[in-house]
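Undergrad: Next up is a structure, given as structure tokens.
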Amino acid sequence: MRERVVYLNGRLVPESQAVISVFDRGVQWGDAVYDAARTFNHRPFKLREHIERLYRSCRYTRMPIRLTPDAMEKHTLEVIEPNMPLLGPNDDDMIWWTVTRGVNPLTRSVLDCHEATVIICTFPVPFRAFAKWMTRGARVVTPSVRRTPPQCLDPRAKVSNKMNHILADLEVKAADPEAYSLMLDIHGNLAENSGANFFFVRQGQLCTPAAHNILEGITRATIVELARSLGTPVVEGDFTVYDVYTAEEAFLATTTYSILPVAQLNGAPVGGKRPGPLTRRLIEAWNALVGVDIVAQALSHLELEPLAVKR
Ligand SMILES: Cc1ncc(COP(=O)(O)O)c(C=O)c1O
């Protein structure tokens, strides 16, 4: 079977040959930034917004990247195009960019790093990982590990070193392997999941943690626009678990699954029927925007599972 291609430092190579140095600072120190977009109906969604956020992450972390955003977009399309036919009809692709500070020089000095490592790859959206929660609603748990404060590392930068998030997930999954994390900031305010933003509904208002503690998700921004277009007020601020325990609805939001209804926080039910009425309207508005029924698409992958097992 033909392999997917990967863009690596100026060349398109088969995935199995896309290798980088063991001395790359991304490998040695997690000295890297990344971004992730996806396709809907095989069409990239908000590609330019993701590339612009990648470049903001690069500027903040001072990555020595020479490629312009326009060239990055061009090379991204060159990766997507040959990889798309390898997808099934109901599949879509994740699009993943990684920029590292390059190979560690012998001096090991950050000042001697002049050539970023640039990787663009795709892989299928992992629908089976989240599909069943689309209708049941996810279980969410707050770990003791707090989100890195903005005074240490600005959460708006999408840095590849996810140890803060990974430790939070490990703690949550030790208690409930199927649960999702909802990290708090150092003051106990709601922050975000390891790979998603968080929303809840209170008295008809859509509430979400303020931008200073979180990655400013492109899904989050799109949902805020959709909610306002539906006439729903949106409140960004500092909230605590109390606000979610007493909420009418809640959901997680990220590129991979768009909107994932939440059923429980720390074992306590959130709201009633899942998805709640506003979550449902937002999912419908999202479907209209991207031209895909995101729930049906995810569920179709669950139906495939028993067949795959039988074979
Ligand atoms: C920590 C974190 N928060 C939020 C998000 C959601 O961002 P987006 O909607 O742009 O995918 C992500 C996405 O990977 C993330 O890693």
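Undergrad: Which pairs do you get when a residue that is touching a residue at least 12 places away in the same chain (Cβ under 8 Å) and within 18 Å of Ala210 (Cβ to Cβ), found in region 134-160, comes within reach of a residue that is in a strand (DSSP E or B) and away from the ligand (no atom under 14 Å from the Cβ), reach meaning Cβ atoms under 9 angstrom, with the pair 6+ apart or on two chains?
TA: Thr142/Leu265
Undergrad: Could you tell me whether region 244-251 includes any residue that is crowded, with 21+ Cβ neighbours inside 10 Å and within 16 Å of the ligand (Cβ to nearest atom)?
TA: yes
Undergrad: Restricting attention to strands (runs of 3 or more DSSP E) lying wholly within region 109-213, give those where 1 or more residues are over 30 Å from Ser21 (Cα atoms) and within 15 Å of the ligand (Cβ to nearest atom).
TA: Details: elements: 117-124, 138-141, 197-202, 205-209.
Where strands (runs of 3 or more DSSP E) fall fully within region 109-213 and carry at least 1 residues being over 30 Å from Ser21 (Cα atoms) and within 15 Å of the ligand (Cβ to nearest atom), they are 138-141, 197-202, 205-209.
Undergrad: Go through the residues of region 23-33 one by one and say whether even a single one is β-branched (Val, Ile, Thr) and either away from the ligand (no atom under 16 Å from the Cβ) or modelled with pLDDT under 95 (or both).
TA: First pass over region 23-33, keeping only residues β-branched (Val, Ile, Thr): 27, 33.
Then drop every residue that is not either away from the ligand (no atom under 16 Å from the Cβ) or modelled with pLDDT under 95 (or both), which leaves 27.
So far as region 23-33 goes, yes, one or more of its residues are β-branched (Val, Ile, Thr) and either away from the ligand (no atom under 16 Å from the Cβ) or modelled with pLDDT under 95 (or both).
Undergrad: Note down all Cβ pairs under 7 Å where the first residue falls in region 168-190 and is at positive phi, the second is among the hydroxyl-bearing types (Ser, Thr, Tyr), and they're at least six residues apart or on different chains.
TA: Going by the 7 Å Cβ cut-off, the qualifying pairs are Gly188/Thr240.
Undergrad: Examine region 257-271 for a residue that is of a type outside the set (Gly, Ala, Ser), within 16 Å of the ligand (Cβ to nearest atom), buried (at least 20 other Cβ atoms within 10 Å of the Cβ) and more than 18 Å from the chain's Cα centre (by Cα), and state whether such a residue exists.
TA: No, region 257-271 contains no residue that is of a type outside the set (Gly, Ala, Ser), within 16 Å of the ligand (Cβ to nearest atom), buried (at least 20 other Cβ atoms within 10 Å of the Cβ) and more than 18 Å from the chain's Cα centre (by Cα).
Conditions tested, residue by residue: (1) within 16 Å of the chain's Cα centre (by Cα); (2) among the small types (Gly, Ala, Ser); (3) more than 16 Å from Thr117 (Cα to Cα).
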{"site": "Glu3", "(1), (2), (3)": "no, no, yes"}
{"site": "Leu8", "(1), (2), (3)": "no, no, no"}
{"site": "Val22", "(1), (2), (3)": "no, no, no"}
{"site": "Thr39", "(1), (2), (3)": "yes, no, yes"}
{"site": "Tyr60", "(1), (2), (3)": "no, no, yes"}
{"site": "Met63", "(1), (2), (3)": "no, no, no"}
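The values are calculated or read from the model by the stated rules, or taken from the named source; none is laboratory data. Everything quoted here is computed from the prediction, not taken from an experiment. Glycine also receives a Cβ, built like all others from the backbone with ideal geometry; neighbour counts cover every protein chain displayed.
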